[in-house]
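To keep things clear, I will list the structure first and then write my remarks on it.
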Amino acid sequence: MKHFARVTTLAAALLSASLITGTAHAQLAPAAQPAAAATAPAEARKANIVIIGTGGTIAGAGASATNTAAYQSAVVPVDKIIASVPEISKVANVKGEQIFQIGSESFNNERLLKLAKRVSELLKQPDVDGIVITHGTDTIEETAYFLNLTLKSDKPVVVVGSMRPGTALGADGALNLYDAVLVASNPASKGKGTLAVLNDEIHTGRDVTKSNTFKTETFRSPFGPLGYVVEGRTLFYRLPARPHTLQTQWDIDKIDKLPEVAVVYAYGNANPAAVEAAVKSGAKAIIYAATGNGSVGDYMVEPLKAARAKGVHIVRASRTGSGVVVRNAEQPDDKYDWIVTDDQLPQKARILMALALTQTNDTKALQQVFWKY
Ligand code: DGL
């Protein structure tokens, strides 16, 4: 990768200096910002950010401007997306890199590993200050959680998407990308794990989840976002409480394969054949997206116990969308040698369990992983 051009104009210096404090704007009177004045380097430079394109709606295009929810995703190359937001070049030196051009529903373990390994490689380069990943919103929450758990760097990594294609009235991708670059460029974002930016909000990759099929206000974290991006200012109000990146037991550079973990969804009249199919296809664990507090229908208990007897781990999760699953409450987990999630949604539990299984097969150790991360 070519080296980024260093920019040391007065404007860039003022902007970068103000970003260091987590507040932008050079127009702020120095008297009103004494801390900024005290900590700003004499000659600051713009951050060097690599924007990795993976596809999604942020790379989408519709037949007409009124197609806000019906369009083709993953068609616009990342360099073209970057060029469509010239404001970005005022806040950072950016380089685009196209790794995939897919809808994020097409992510699988191989693609996830390829992306994470490339991010890890880039983060090791001294001239890279942060990474932005353009990504479909459908599975941003899985990718962000995976990166949050496996990257060994404190440099900012921001995953961003959009709900409307660039061709639509009220397209949200340009501002989301601009905001993502601002967040990735800001030293205040260092050491906060993988972040997801959308709709003026900054979320932790651990908690973020997509909650609406078409609204621009779709990302939700059960405990609220970590912060906002407004008028070029990156504002943090919370910190992630659970270990991430440098503090975890996984290193993406040492993971070349993820074990198969299946998710089986619970519903009235659920079919035990889904459990049997998961076992037959070689799943090492089943995340059971149970009703309520991880409750399991009487006709499902035996199939799940049979799967466990064949060595497949059973993880009780909840399909409710929030809350913890309490061990030994709805089911005798100790007796059955099952595991419960903490508050991880089934799709996040799948990521965590796959990672955990790369290191241990011990039920107690696996349970601890859910309570820790
Ligand atoms: N299928 C979707 C995806 O790539 C498009 C939705 C979006 O990006 O918002 O995740």
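The values are calculated or read from the model by the stated rules, or taken from the named source; none is laboratory data. All of these numbers come straight from a predicted model, not from anything done at the bench. As a convention, Cβ positions derive from the backbone with ideal geometry for all residues, glycine included, and neighbour counts pool all protein chains shown.
Of all residues in the stretch 132-153, those being small (Gly, Ala, Ser) and within 9 Å of the ligand (Cβ to nearest atom) number 1.
None of Thr39, Thr54 is at negative phi, modelled with pLDDT of 95 or more and polar (S, T, N, Q) except Thr54. Among the residues of the stretch 73-83, are any surrounded by fewer than 18 Cβ atoms within 10 Å (Cβ to Cβ), at pLDDT 95 or above, in a loop (DSSP other than H, G, I, E, B) and touching a strand residue (DSSP E or B) at 6+ places or on another chain (Cβ under 7 Å)? So far as the stretch 73-83 goes, yes, one or more of its residues are surrounded by fewer than 18 Cβ atoms within 10 Å (Cβ to Cβ), at pLDDT 95 or above, in a loop (DSSP other than H, G, I, E, B) and touching a strand residue (DSSP E or B) at 6+ places or on another chain (Cβ under 7 Å).
For beta carbons closer than 8 Å, sequence separation of 6+ or different chains, a first residue in the stretch 354-367 that is part of a loop (DSSP other than H, G, I, E, B) and a second that is β-branched (Val, Ile, Thr), the qualifying pairs are Thr358/Ile255. Only residues that are in contact with a strand residue (DSSP E or B) (Cβ under 6 Å, 6 or more places away or on another chain) and among the basic types (Lys, Arg) were counted across the stretch 85-110, and they come to 1. Scanning the stretch 165-180 for residues that are surrounded by 22 or more Cβ atoms within 10 Å (Cβ to Cβ) and within 27 Å of Leu113 (Cα to Cα) turns up Pro165, Gly173, Asn176, Leu177, Asp179, Ala180. On inspection, Asn108 does not qualify as surrounded by 16 or more Cβ atoms within 10 Å (Cβ to Cβ) and not β-branched (Val, Ile, Thr). Filtered by the rule that a residue be in contact with a strand residue (DSSP E or B) (Cβ under 8 Å, 6 or more places away or on another chain) and part of a helix (DSSP H, G or I), the stretch 179-192 gives Asp179, Ala180, Val181, Leu182, Val183, Ala184, Ser185, Ala188, Ser189.
Do you know which residues across the stretch 48-67 are within 13 Å of the ligand (Cβ to nearest atom) and either closer than 14 Å to Ile133 by Cα or among the charged types (D, E, K, R) (or both)? Correct list: Gly53, Thr54, Gly55, Gly56, Thr57, Ile58, Ala59.
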